[in-house]
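Asks: Once you've had a glance at the structure underneath, I'll fire off some questions.
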Amino acid sequence: MKVVVNLPEREEDKKELESRVVFFHATLLIERIKQLKISDKSKQKILDLILQDLKEKCT
């Protein structure tokens, strides 16, 4: 799927776009984890590992 986005000019609008993209990606990730045919405990472990990895990359 291709998506074309017109980049906003104002800094405030750029931050809003970034926030919405981050929310979209997080939603996709969570929905994909929900679809896995594994136990809820395993799903939680996957999510925890992803969050841990992201925290390490951000610091």
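Asks: So, in the range 6-15, exactly how many residues are open to solvent by less than 90 Å² (accessible area, probe 1.4 Å) and under 20 Å from the mean Cα position of the chain (by Cα)? Outline the logic, then answer.
Replies: Going residue by residue through the range 6-15, those that are open to solvent by less than 90 Å² (accessible area, probe 1.4 Å) are 8, 13-14.
In the following step, the residues that additionally are under 20 Å from the mean Cα position of the chain (by Cα) were identified as 13-14.
Selection size over the range 6-15: 2.
Asks: For the range 13-50, name all the residues that are of a type in the set (D, E, K, R) and outside any helix (DSSP H, G or I).
Replies: Passing the criteria: only 37.
The values are calculated or read from the model by the stated rules, or taken from the named source; none is laboratory data. Because the structure is a prediction, the values reported are computed rather than measured. In case anyone asks, the SASA skips ligands and DNA or RNA and just uses the protein heavy atoms, side chains included. Shrake-Rupley method; radii C 1.70, N 1.55, O 1.52, S 1.80 Å.
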